[in-house]
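The values are calculated or read from the model by the stated rules, or taken from the named source; none is laboratory data. What you see is a predicted model; the values in this text were computed from it and never measured. Heads up: the accessible areas ignore ligands, DNA and RNA and are worked out on the full protein's heavy atoms, side chains in. Shrake-Rupley method; radii C 1.70, N 1.55, O 1.52, S 1.80 Å.
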Amino acid sequence: MWIKAAPEEHMARVVAQGDMRPMAGHAEAMEDLRNILTAREPLYGKADAVVDTSGCPVEKSFAALRKVLASG
């Protein structure tokens, strides 16, 4: 299963956990993250299911994940 999110959300989630390393002294961190995720898309795209959590609160993301798991 691929639990997908927008690059900006990946970064925001890491920072919200108090981890500033992705941005510390690295102005290109967001562009690097975008490139990493783009490069991995062909592999992630092979997943049996995708749950896109972009713009979703935790509760909605969790419900979507449970729904996919229950139907599999």
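When the chain is fully extended, how far beyond the present Cα-Cα distance does residue 62 get from residue 37, taking 0.36 nm per residue of separation?
Fully extending the segment from residue 62 to residue 37 adds 6.8 nm.
Just the accessible area per residue of the chain, please: how many Å² with a 1.4 Å probe?
75 Å²
Arrange the residues 50, 15 by how much accessible surface each exposes, largest first, with a 1.4 angstrom probe.
From most accessible down to least: 50, 15.
Is it possible to state the helix-based mean residue ellipticity at 222 nm for the chain, with each DSSP H run of 4+ residues giving -39500 (n - 2.57), the sum divided by total residues, to the nearest 500 deg cm²/dmol? What is it?
Helix-only estimate at 222 nm: -17500 deg cm²/dmol.
Would you work out what percent of the accessible area of the chain, with all protein chains in place, is carbon or sulfur (probe 1.4 Å)?
Taking all protein chains in place, the chain shows 59 percent carbon and sulfur surface.
Quick check: residue separation of residue 30 and residue 71 times 0.36 nm, minus the Cα distance between them. What number comes out in nm?
Length difference between fully extended and current span is 11.3 nm.
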